[in-house]
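**Student:** Could you have a look at this structure, given as structure tokens, before my questions?
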Amino acid sequence: MKYSFLDSLHLDFLEQMRERLISFYEPHVALDGGGFAWLGEDGEPLAEKGSQLWIGARMTHVFALAHLLGQPGAKALAQHGVDFYAGGPGQDKEFGGWFAQVGGDTPSDRKELYGQAHVLLAGSTAVLAGLDGGPSLVDHALELLENRYWVEADGACIEDFDRAFTCADAYRGQNANMHLTEALIACWEATRDALALERAVRIARRIAGPAASIDEGSWRLVEHFDASWGKLPGYNRDYPAHPFRPYGSQPGHWLEWAKLLMQLKGLGVDEPWLLPAAERLFRGAIADGWAAPGGFVYTVGWDGKPVVDTRFWWELAEGVGAARLLWLETGNVYYAKWYEQIWAFIDAHLVDQGGNWYPELDAQANPSTNTWIGRPDLYHAYQATLYACLPKDKGLAAWAATCPRLP
């Protein structure tokens, strides 16, 4: 097969993959008490995991996208998610924000930016999908961002609070702020809130802007910071495979930022560092992160050498998105070829016989469960199947809202 975004057979392949992904998650992912489940290998909920905010908000976003694209049954699932977070049990009506985990063995009332950011993404997509409660979800998320998380002097957000917002964690992270950038872009497209786009640019400039430098290794973005945004390059050295805060730098995040920077540029943000930073991030990920037999290693040290050589599903999904948008901006065949090569690896190694994606592969590209168990996440895989059709001047939901049926 030719894995080219210019090839009609590839587009058919992606549509079939979308259908198989939805068919795996749809039957059991919506929990009776509200929210969405972390599914096991067999597609059944893992009861001990409860309803986790980052998963539930992402599921809401994906099913809203699927509804925009005409997927039968997707609207009800998306509405299920909106109802849970817009006044339902997932929302903390006393102190504001959303609970990190409802139910399961370890329920949590922490107010982590990572999850709150994904609520803004879900709400923004829900607005474009015309779902009841979508505007309310966006309004609450923006109010929370303004009153609790955003620090104007930093041009970025606080990472984490206790339930009542009385104590802020001293840690600052690029990961949660990166996903907030994604959500703010989606919010701007859904609402035309100029402040949302302005803040997306400011976060991007702080975290990804340094990659535009011609200095060797400038693409190795710092992941962890203290409360004053001082760099913490040795953070979690003793826990290098942490699923959210690993030691070192993550090539998958360089790809994700490359994609986001091209989205900002496509939306008309006129800043000269956007394209050079995105290109250096993508090429750096190929140079440091792509390793035989394929896939991107999870982390590298500050010398660019692998620290954790496990491959994860989300890195590859972000790789095809970044490659597509960089090709649209530059016309450089280099990016088209890498789009094809990444998809070829996904199809050969990451997709199981049912069409779902393994979340993790070892260094030999065999399925593994050292960090991730089951099938927790539909978001990255589903979005990966849409990038081939994405224009450079629209995000996924904004495009889907104007293209109700795929070509």
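**Student:** Kindly indicate which of TRP290, TRP338 is surrounded by fewer than 20 Cβ atoms within 10 Å (Cβ to Cβ) and under 20 Å from PHE5 (Cβ atoms).
**Tutor:** Values: TRP338 fails: surrounded by fewer than 20 Cβ atoms within 10 Å (Cβ to Cβ).
One residue alone meets the criteria, TRP290.
**Student:** Look through the stretch 15-64, keep the residues that are out of contact with any strand residue (DSSP E or B) (no Cβ under 8 Å at 6 or more places or on another chain) and β-branched (Val, Ile, Thr), and return whichever of them is farthest from LEU137 (Cα to Cα).
**Tutor:** Once the filter is applied, the top-ranked residue is ILE22.
**Student:** Given the residues ALA258, ALA227, which is the only one that is in contact with a helix residue (DSSP H, G or I) (Cβ under 6 Å, 6 or more places away or on another chain), over 20 Å from ASP362 (Cα atoms), modelled with pLDDT of 95 or more and not polar (S, T, N, Q)?
**Tutor:** None of the others qualify; the one that does is ALA258.
**Student:** Can you name the condition, by its number, that VAL297 falls short on among (1) touching a residue at least 40 places away in the same chain (Cβ under 8 Å); (2) over 19 Å from LEU11 (Cβ atoms); (3) not in a strand (DSSP E or B)?
**Tutor:** Among (1) touching a residue at least 40 places away in the same chain (Cβ under 8 Å); (2) over 19 Å from LEU11 (Cβ atoms); (3) not in a strand (DSSP E or B), the lone unmet condition for VAL297 is (3).
**Student:** Do you know which residues across the stretch 141-153 are part of a helix (DSSP H, G or I) and either more than 21 Å from the chain's Cα centre (by Cα) or aliphatic (A, V, I, L, M) (or both)?
**Tutor:** Result: ALA141, LEU142, GLU143, LEU144, LEU145, GLU146, ASN147, ARG148.
**Student:** Only residues that are out of contact with any helix residue (DSSP H, G or I) (no Cβ under 8 Å at 6 or more places or on another chain) and charged (D, E, K, R): list them for the stretch 78-129, please.
**Tutor:** ASP83, ASP92, LYS93, GLU94, ASP109, ARG110
**Student:** Let me ask something else. When both residues are 6+ apart or on different chains and their Cβ atoms are under 6 Å apart, which pairs have a first residue that lies in the stretch 337-348 and is in contact (Cβ under 8 Å) with a residue 12 or more places away in the chain, and a second that is charged (D, E, K, R)?
**Tutor:** Close Cβ pairs (under 6 Å, with a partner that is charged (D, E, K, R)) amount to TYR339/ARG324.
**Student:** Would you mind stating whether PHE99 is over 20 Å from the mean Cα position of the chain (by Cα), among the aromatic types (Phe, Trp, Tyr) and modelled with pLDDT of 95 or more?
**Tutor:** No, not satisfied.
**Student:** May I pose another question? Scan the stretch 113-120 and give yes if some residue there is surrounded by fewer than 24 Cβ atoms within 10 Å (Cβ to Cβ) and either of a type outside the set (Val, Ile, Thr) or at pLDDT 95 or above (or both), otherwise no.
**Tutor:** yes
**Student:** Which residue, of ALA363, ALA323, is in contact (Cβ under 8 Å) with a residue 40 or more places away in the chain, of a type outside the set (Ser, Thr, Tyr) and crowded, with 17+ Cβ neighbours inside 10 Å?
**Tutor:** Of the residues listed, the single one that is in contact (Cβ under 8 Å) with a residue 40 or more places away in the chain, of a type outside the set (Ser, Thr, Tyr) and crowded, with 17+ Cβ neighbours inside 10 Å is ALA323.
**Student:** For residues in the stretch 65-98 being in contact (Cβ under 8 Å) with a residue 60 or more places away in the chain, out of contact with any strand residue (DSSP E or B) (no Cβ under 6 Å at 6 or more places or on another chain) and surrounded by 24 or more Cβ atoms within 10 Å (Cβ to Cβ), which is farthest from ALA37 (Cα to Cα)?
**Tutor:** Filtering the stretch 65-98 for residues that are in contact (Cβ under 8 Å) with a residue 60 or more places away in the chain, out of contact with any strand residue (DSSP E or B) (no Cβ under 6 Å at 6 or more places or on another chain) and surrounded by 24 or more Cβ atoms within 10 Å (Cβ to Cβ), the one farthest from ALA37 (Cα to Cα) comes out as LEU68.
**Student:** Taking the condition surrounded by 22 or more Cβ atoms within 10 Å (Cβ to Cβ), within 18 Å of the chain's Cα centre (by Cα) and touching a residue at least 40 places away in the same chain (Cβ under 8 Å), does TRP357 pass?
**Tutor:** yes
**Student:** Within the stretch 188-200, restricting attention to residues that are outside any loop (DSSP other than H, G, I, E, B) and charged (D, E, K, R), which residue is surrounded by the fewest Cβ atoms within 10 Å (Cβ to Cβ)?
**Tutor:** My answer is GLU198.
**Student:** Examine the stretch 32-46 for a residue that is surrounded by 15 or more Cβ atoms within 10 Å (Cβ to Cβ) and over 25 Å from GLN353 (Cα atoms), and state whether such a residue exists.
**Tutor:** Yes, some residue in the stretch 32-46 is surrounded by 15 or more Cβ atoms within 10 Å (Cβ to Cβ) and over 25 Å from GLN353 (Cα atoms).
**Student:** If you don't mind, there's one more thing I want to ask. Name the residue, out of ILE203, ILE185, ILE214, that is touching a strand residue (DSSP E or B) at 6+ places or on another chain (Cβ under 7 Å) and either among the hydrophobic types (A, V, I, L, M, F, W, C) or not in a helix (DSSP H, G or I) (or both). Before the answer, list the steps.
**Tutor:** Numbers: ILE185 fails: touching a strand residue (DSSP E or B) at 6+ places or on another chain (Cβ under 7 Å); ILE214 fails: touching a strand residue (DSSP E or B) at 6+ places or on another chain (Cβ under 7 Å).
On inspection, the qualifying residue turns out to be ILE203.
**Student:** How many of the residues in the stretch 387-407 are in a loop (DSSP other than H, G, I, E, B) and either touching a His at 6+ places or on another chain (Cβ under 7 Å) or surrounded by 21 or more Cβ atoms within 10 Å (Cβ to Cβ) (or both)?
**Tutor:** 2
The values are calculated or read from the model by the stated rules, or taken from the named source; none is laboratory data. Remember, predicted model here, so these are calculated numbers, not experimental data. Neighbour counts run over all protein chains shown; Cβ positions are idealised from the backbone, glycine included.
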